[in-house]
Amino acid sequence: NDKTCLVSYFSKGREDYTQRALALIRSVSSHWKYYAIFFSPDSNFAEYVGFKIRREVKSKAFPCYSHKEVPYQFKLACIQVAREEGYEKILWLDTTMTIVAGKDIVDLLNSSSKGWVAFHNLGHPTHKYISDAAVANLKISEEDLLNVPPSWGGAFMIDFTRPEAVAIWDEIVLQSQTYGTFQDGKSSRQGFIAHRHDQVCMSVIFWRHGIELLPYGKILQQIHNKEPFIYGNDFYILYG
């Protein structure tokens with residue numbers, strides 16, 4: 001499908017993600033049969049295995065703030081650029097991910113009930129990773145919060161031809177523009193560890209819309225990619 005696209009962004013942040021991205025790009029070159037767009041403002045290479053690296057994220061309709069001002073909003077801006085270029089089925093992958101041979105995540109998207117593919121993020125319960133400000137913005141009760149399964153912020157796919165998928169996307173974008181949802185924040189909630197920005201925002205919105213997260217095992221950490229495959233070996237994406 002010439003309207004299917006993978007999108008990623010990498011920069012020199014907490015670590016040098018421009019180097020971490022090389023494995024992702026190689027996996028895309030080997031195992032992804034659709035288009036891909038890679039953004040990086042500061043990588044020391046302009047092209048890699050046939051992919052040109054774009055320097056700027058320029059959307060016509062999406063004002064994207066710096067990562068310092070709105071953490072991880074750049075993901076949404078990159079996806080919006082792909083939309084504006086005519087892509088309809090868009091996969092976001094963090095640079096710590098790789099795709100694997102013999103699997104096509106588009107099959108998962110085509111069989112999804114709401115036009116989203118999202119994965120269960122094992123071991124990161126939502127109520128331990130969401131700030132009080134985000135809870136207030138998302139208007140969710142502490143009781144409901146305990147029922148919200150955690151999603152991966154680093155891997156998801158959207159079918160923008162599906163109206164419900166677009167409605168969910170619009171809610172996430174609106175929250176990214178609402179101060180306190182993506183920004184770092186604190187909580188006095190028992191067990192709170194740290195705020196996880198876009199990830200917990202999406203988790204709450206997915207839960208509200210009844211998006212079923214694919215079980216851990218469809219996405220897999222490298223440490224579990226070995227015998228005895230306690231989470232199975234039917235995975236589409238590897239992390240780490």
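Annotations for the structure displayed:
- Residues that are polar (S, T, N, Q) and closer than 18 Å to Met157 by Cβ within the range 22-63 comprise just one, Ser27.
- Residue match in the range 117-130 (condition: open to solvent by less than 60 Å² (accessible area, probe 1.4 Å) and farther than 30 Å from Gln190 by Cβ): yes
- Listed by first and then second residue, the pairs linking a residue in the range 60-77 that is closer than 20 Å to Leu6 by Cα and part of a helix (DSSP H, G or I) to a residue that is at pLDDT 90 or above and open to solvent by 70 Å² or more (accessible area, probe 1.4 Å), with Cβ atoms under 8 Å apart and 6 or more places separating them unless they lie on different chains, are Gln73/Tyr65; Gln73/His67; Phe74/His67.
- Checked against the criteria, Leu238 counts as touching a residue at least 24 places away in the same chain (Cβ under 8 Å), of a type outside the set (Ser, Thr, Tyr) and surrounded by fewer than 22 Cβ atoms within 10 Å (Cβ to Cβ).
- Flag set for Pro228, criterion: surrounded by fewer than 17 Cβ atoms within 10 Å (Cβ to Cβ), assigned to a loop (DSSP other than H, G, I, E, B) and on the phi < 0 side of the Ramachandran plot.
- Selection from the range 166-206 of residues that are among the aliphatic types (A, V, I, L, M), open to solvent by 10 Å² or more (accessible area, probe 1.4 Å) and assigned to a helix (DSSP H, G or I): Val166, Ala167, Val173, Leu174
- Pick from the range 41-59, criterion under 23 Å from Glu84 (Cα atoms) and in a strand (DSSP E or B), ranking: least open to solvent (accessible area, probe 1.4 Å): Ile53
- Lone qualifier among Ser66, Ser113, Ser27, Ser43 - being among the hydroxyl-bearing types (Ser, Thr, Tyr), at pLDDT below 95 and over 17 Å from the mean Cα position of the chain (by Cα): Ser66
The values are calculated or read from the model by the stated rules, or taken from the named source; none is laboratory data. Computed from a predicted model, the values in this text were never measured in an experiment. Here Cβ is always computed from backbone atoms with ideal geometry, including for glycine, and neighbour counts include all displayed protein chains. Surface accessibility is based on the protein's heavy atoms, side chains included, excluding ligands, DNA and RNA. Shrake-Rupley method; radii C 1.70, N 1.55, O 1.52, S 1.80 Å.
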